[in-house]
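**Q** Can you read through this structure? Questions will come right after.
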Amino acid sequence: MGGGALMGLAAALFSLRAMRTADTSDVLQNQSRYLAWLTVFVSVVLWLTVLVGTYVNFPPYRATPPAGLSDLSQYPRALIQSNSGTVWLHAFAMEIKEHVPWIAAMLATAVAFVGVRYRSRLLTDPQLCRMATTVLAICFVLVSFVALLGVFINKVAPLE
């Protein structure tokens, strides 16, 4: 789902930049409707990703191994913390992965609200368009960074 969210964010960013206009025709009404639906789609996909990650993917990561177990491959957090070279993955990367996606989903929801509320004005008002583009770009960077951290963590301690 994270890949879908990244693709949706990229599409929304591109659409915001490509559809900017001073025109107020029927074409603009259609474009703004499609853009509003795209931002709503991105917001929903981000929220689904966050909720599934938080309540489905993270609990197995946090599982505590039984005392005296030597093979930690089934317990990713314990495996990461057992090596001094990878302990930063839990201390930094997993903390980022647990909190930053919530911020990105909230920001995407704000842009979706603006897209639905102001529709054609989002494409004709330069300040509103710039604000939405900036917030979506921040979302894109946050989600990309979290995905990269996920790759690092998955290379060291994959969830099976």
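**Q** Leaving out ligands and nucleic acids, and using a 1.4 Å probe, what accessible area per residue does the stretch 41-97 come to in Å²?
**A** Details: 3210 Å² over 57 residues.
Accessible surface, normalised per residue, equals 56 Å².
**Q** Let me ask something else about it. Among Asn83, Asn57, Asn30, whose mean-square fluctuation peaks in a Gaussian network model of the chain (Cα, cutoff 10 Å)?
**A** Comparing Asn83, Asn57, Asn30 in the GNM, the peak value goes to Asn83.
**Q** Related question: Counting only protein heavy atoms, what percent of the accessible surface of the stretch 38-106 is carbon or sulfur at a 1.4 Å probe? Display every interim value, and only then the final one.
**A** Working: 2530 of 3760 Å².
The C+S portion of the solvent-accessible surface of the stretch 38-106 is 67 percent.
The values are calculated or read from the model by the stated rules, or taken from the named source; none is laboratory data. Quantities reported herein were computed from a predicted structural model and do not represent experimental measurements. Please note that ligands, DNA and RNA were not included when accessible areas were found on the heavy atoms of the full protein model with its side chains. Shrake-Rupley method; radii C 1.70, N 1.55, O 1.52, S 1.80 Å.
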